[in-house]
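A quick write-up on the structure given underneath.
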Amino acid sequence: MEHVTSTPTLKAPAERFTGDVYLNMIETPAEPLRLAAALVRFTPGARTNWHSHALGQVLHITDGVGLVGTRDGNVVRVSAGETVKCPAGEEHWHGALDTNLMAHMALVVGDGTGDGTTWLEPVTDEQYATALATADGGRTDRA
């Protein structure tokens, strides 16, 4: 057994995120365990770039309200207690609403060479605004 008492909070790299995002790494992929796990906190309007994962990703929302979107335009509104599973290779993004904080546990199984994430371009302000307007049929009760 290993008891990890705390991990430092790090600011997420600007080249992979829009807005202020903070990470607490829980586990980094290393043999034989290939799990990457992090608590990720998004300030209002903050979001990831488009990205994909070689073996998929699981997001479990721990606090607040956010969005998860895919290249085909599918956007879901998520809140505490909900889980989203992103399949292998699916290009997607996730982040907070413009009016709320959002935090999630991000779980990824690495591919043996790291966490298997391919980072792409930022989600534009226009794409984000469209996601806000269309998530779950344009719900307006954002809190």
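FYI, it's all coordinate maths here, none of it is from the lab. Please read all numbers here as calculations on a predicted model, not as lab measurements. Heads up, the Cβs are rebuilt from the backbone with ideal geometry, glycines too, and the neighbour counts pull from every protein chain shown.
Some values worked out for this structure:
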{"item": "Helix 125-134 axis, angle to the chain major axis (alpha carbon atoms, nearest 10°)", "result": "70"}
{"item": "Rounded to the nearest 20 debye, dipole of the chain from Cβ charges on Lys, Arg, Asp, Glu", "result": "220"}
{"item": "Order of Asp125, Asp115 under a 10 Å beta carbon neighbour criterion, fewest first", "result": "Asp125, Asp115"}
{"item": "Inter-site label distance for Met25 and Val76 at 7 Å from Cα along Cβ, in nm", "result": "2.8"}
